Amino acid sequence: MSDIVATNETILVVGGGISGISAALEAAEAGKQVILVEKNAYIGGRVTQLHKYFPKLCHPTCGMEINQRRAKSNPNLTILTMAEVTDISGDKGDYSIKVKLKPRYVTNNCTACGQCTDAVEAEFDNEFNYGLNQRKGAYIAYNNAYPQTYVLDERIIGTDDATKAKDACPADAIDLEMQEESIDLKAGAVVWATGWRPFDANKIQPYGYDRFDNVITNVEFERMNDLMGPTGGKVTRPSDGAEPKKIAFIQCAGSRDRNYLKHCSRICCMASLKQTHYVRENITDGTSDIYYIDIRAIDRFEDFYQKVQEDDSVKFIKSKVAFITEGENNNPVLNGVDTEGYHRYANEYDLVVLAVGMEPSVNQGDFPVDIVLNEEGFIEMDEKNGGVFAAGCSSDALDVNRAVQSATASALRAVQVINQVGAVSPQNEGAK
Amino acid sequence: MSDLNQALADKYKGNFLKEVIDNVEEGDRVQMCMQCGVCAGSCPMGPHWEHTPQKIFMMIRANKREAVLASDSMWMCTSCYNCIARCPRELPITHIMHGLATYAKRLNLVPKTQPTAKFAQLFWNNLSSKGRVNELKLGISLYFMNGFGEGVKTAMANQKLGLNMLKTKRMAINEAWGGHSVKDKSGFHAMLKKAAEIENDTIEANSK
Ligand SMILES: Cc1cc2nc3c(=O)[nH]c(=O)nc-3n(C[C@H](O)[C@H](O)[C@H](O)COP(=O)(O)OP(=O)(O)OC[C@H]3O[C@@H](n4cnc5c(N)ncnc54)[C@H](O)[C@@H]3O)c2cc1C
Ligand code: SF4
Ligand code: SF4
């Protein structure tokens, strides 16, 4: 890794989700040197875990493919995966950065043939599918993962499985001696794009996510509908594997609630509206009931909302569900009082999807650099942040469209910093 | 209608929300309610009363003055605090419900046969005399609330409970003679008097 060249005219992008990739590509295509640091073994972030995108209901993979191609063909961009920034010191125009690289145990020689996966036995919770199924100890997160290089789970290192994987590899790509590395980089500006994570549904005690099998989250529902997902695209009840017919969505699960997340996560209304399409497409005679405080179909998506309203299989119930109990056959029962008529209800369903909100993926105390955060932990735009600019969901709960807009803006800010650095650096002295 | 009630009704004509904000403890927080319904669904008394907190708060905004102040809902609140714990907007619902009850009482609008209102008065009389609750006397006055005959019957029925409370020191027999008290009883009474004065003056002033 010592071949990475970075100066104070380099832009560091932290986080390789759709925002980080967009910012990195914009800056690299504008001729700047860019290093992208991604914690996972693959880039793409959370959108790779979505089944379809609103508003067009296309698959996220096609957009990602274009970005991957742009990344591959750009010599200005260096991507480091399984990498985390541990320290940033210095000032705008002159940062010193420490990056920790975790061993992948698989080199670039990997042809993604998958023979190592077949050879090993140990299985672990599949984090890509939010633990809905298991994966092997030698794996690739998903079929189109970029880079197309497998990973050995560190938990199999030192076991028979590790040697089995190594022996099975026809490309001699497995290196069990790989060690964790720490590298030092320089950069003039930083784009911070570490994104979001789903709010922990276990914290919403009255909804019993931890107690009731058939109460799941919206991110899990995305995975269930994906053909490449844990159930091969079949929606099933975790309790018995049966296909659910009556499905309920609970909006604002954790959001807009001073006990949990104060902010409106902005995406979950659209996500549930989108997921009613999955119900109609994937479940014969499936119905969706949406329990809501008010539906916030962010600005231009009002027509998307109207179309769903016209759908006979979808019902809207204006009420924040008070609590869930479990009825016969592990059926979740939603209890509450509706706001249109104040009727008390106890409605039974086959499956309940909690529309959990989005919170920043990096905890308040864990930033390797001083940064101004708002009450919810999202990064504020502030002079005090110097040459560190937030992009995408590290700055707010955003959809892809807005995340990419925000990334482009941050890339531009970073480029401006580098241009100033370049204007005063010694090698440009003569040019002036 | 009492004079005070009439005066306040006239003064705030058409704006009961403002009347609540000005005169009911924590009444200003009613404005924060977003009508989500969680309190209504979380209340253990919910199915047994006519107006849930959610509904009461909407009625306040909808100017249903008479219906709100004569409702027996505020009197059904058991102060379990479930609604406060769950309300996404952190409304002090329990306190507002009690505030409304107090206000209704001041205006003489409590439903005549409301037993909790009677109990609340007994409790207040008991507490305010010495600054400490005298469980024994409170229990006895509660039993005899509806006349002597019924009182004896209730007392007999609860004999075992009473004895157990004595045994576990939840109730002391010597409370029957005087009973415990705050150290500075006259100071305590002066404080209550002052508080009542401030409250009365405010509401008087608001009615003008
Ligand atoms: C249920 C649901 C459905 C959705 N559906 C849609 C939809 O249909 N259409 C739409 O437009 N939007 C949708 N969204 C929103 C969409 O997921 C986000 O807009 C998008 O993921 C934002 O991308 P991002 O790059 O900002 O963040 P992320 O996707 O979270 O990417 C952040 C990246 O940073 C990495 N990272 C995190 N911490 C570090 C660190 N310390 N060091 C290095 N790297 C790090 C992560 O591994 C990740 O790769 C949905 C959201 C939800 C909750
Ligand atoms: S987007 Fe909808 S579900 Fe999500 S927090 Fe906002 S109102 Fe609630
Ligand atoms: S829980 Fe709070 S916000 Fe919701 S209806 Fe009750 S008082 Fe209003």
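No lab work stands behind these numbers, since they all come straight from the coordinates. Keep in mind that this is a model prediction, so the values were computed, not measured. Counting neighbours? That spans all protein chains shown, and the Cβs are built from the backbone with ideal geometry, glycine included.
How far is helix B:148-157 tilted off the main Cα axis of chain B, in degrees rounded to 10, range 0 to 90? The angle comes out near 70 degrees. If the cut-off is 13 Å between C-alpha atoms, which aspartates and glutamates fall inside it for A:LYS164, apart from same-chain ones fewer than 8 positions away? Result set, ordered by chain and number: A:ASP118, A:GLU121, A:ASP172, A:ASP175. Of all complete DSSP H helices in chain A, those with a Cα span along the helix axis of 30 Å or greater and a mean Kyte-Doolittle hydropathy of 0.5 or more are A:400-424.
Comparing Cα centroids, the range B:59-109 and the range A:237-268 end up 30 angstrom apart.
With the cut-off at 28 Å, tell me which of the pairs A:LYS100/A:LYS384; B:LYS130/B:LYS194; A:LYS72/A:LYS186; A:LYS72/A:LYS384 have Cα atoms farther apart than that.
Violating the 28 Å Cα-Cα cut-off are A:LYS72/A:LYS384.
A compact globular protein would have a Cα radius of gyration near 2.2 N^0.38 Å; the ratio found for the protein assembly as shown is 1.26.
Set Lys and Arg Cβ to +1 and Asp and Glu Cβ to -1, take the dipole of chain A about its Cα centre, and tell me which of A:VAL215, A:GLY90, A:SER182 lies farthest positive. My answer, from the dipole projection, is A:GLY90. Applying 1/(1 + (r/R0)^6) with r as the Cβ-Cβ distance of B:ALA205 and A:ASN202 and R0 = 41 angstrom yields a FRET efficiency of 0.20. Largest mean-square fluctuation among A:PHE378, A:PHE128, A:PHE301, in a Gaussian network model of chain A whose springs join Cα atoms under 10 Å apart, belongs to A:PHE301. I want the antiparallel fraction of DSSP beta bridges within chain A, as a percent rounded to 5. The antiparallel fraction comes to roughly 50 percent.
Placing pseudo-labels 7 Å out from each Cα toward the beta carbon at A:THR86 and B:MET191 gives an inter-label distance of 5.8 nm. Relative to the Cα centre, the charge distribution of the protein assembly as shown, modelled as +1 at Lys and Arg Cβ and -1 at Asp and Glu Cβ, gives a dipole magnitude of about 2760 debye. Using the Cβ of B:GLY187 as centre and a radius below 12 Å, the other residues enclosed give a net charge of +3, where K and R count +1 and D and E count -1. Would you mind checking the pairs A:LYS262/B:LYS64; B:LYS112/B:LYS153; B:LYS105/B:LYS208; B:LYS105/B:LYS183; A:LYS102/A:LYS262 and listing those with alpha carbons more than 26 angstrom apart? Result: A:LYS262/B:LYS64; B:LYS105/B:LYS183; A:LYS102/A:LYS262 exceed 26 Å.
Specify whether the C-alpha gyration tensor of the range A:37-179 places it in the rounded, prolate or oblate class, a ≥ b ≥ c being the square roots of the eigenvalues: rounded for a/c under 1.5, otherwise prolate if a/b is larger than b/c and oblate if not. Oblate, since a/c reaches 1.5 and b/c is not below a/b.
Can you list the aspartates and glutamates whose alpha carbon is less than 18 Å from that of A:LYS98, not counting same-chain residues fewer than 8 positions off? Within the straight-line cut-off, A:LYS98 pairs with A:ASP3, A:GLU9, A:GLU38, A:GLU84, A:ASP87, A:GLU180, A:GLU181, A:ASP184, A:ASP366, A:ASP370. Between B:LEU163, B:LEU142, B:LEU109, the residue with the greatest mean-square fluctuation in the GNM of chain B (Cα pairs under 10 Å linked by springs) is B:LEU163. Distance from the C-alpha centroid of the range A:118-177 to that of the range A:1-62: 24 Å, rounded to the whole angstrom. Each label was represented as a point 7 Å from its Cα along the Cα-to-Cβ direction; for A:ASP94 and B:PHE119 these points are 7.4 nm apart. Toward the positive end of the charge dipole of the range A:115-168, with +1 on the Cβ of Lys and Arg and -1 on the Cβ of Asp and Glu, the farthest Cα among A:TYR130, A:ASN143, A:ILE156 is that of A:ASN143. Here the range B:67-208 is assigned +1 on the Cβ of each Lys and Arg and -1 on the Cβ of each Asp and Glu. Its dipole about the Cα centre then comes out at about 420 debye. What the Cβ-Cβ distance of A:LYS384 and A:ARG300 gives, at R0 = 35 Å and to the nearest 0.05, is a FRET efficiency of 0.55. Summing Lys and Arg as +1 and Asp and Glu as -1 over all other residues whose Cβ lies under 12 Å from the Cβ of B:ASN126 gives a net charge of +1.
Among A:VAL235, A:ALA297, A:ASN225, whose Cα projects farthest towards the positive end of the dipole of the range A:219-341, with charges put on the beta-carbon of Lys, Arg (+1) and Asp, Glu (-1)? Among A:VAL235, A:ALA297, A:ASN225, the one farthest towards the positive end of the dipole of the range A:219-341 is A:ALA297.
Name the residue, out of A:PHE316, A:PHE249, A:PHE199, whose mean-square fluctuation peaks in a Gaussian network model built on chain A with Cα pairs under 10 Å. Looking only at A:PHE316, A:PHE249, A:PHE199, the largest GNM fluctuation is found for A:PHE316. With θ taken as phi - 60° and the Karplus curve 6.51 cos²θ - 1.76 cosθ + 1.60 applied, the whole-hertz 3J(HN,Hα) list for the range B:77-88 is 4, 9, 6, 7, 6, 4, 5, 5, 4, 9, 4, x Hz, x standing for glycine and proline.
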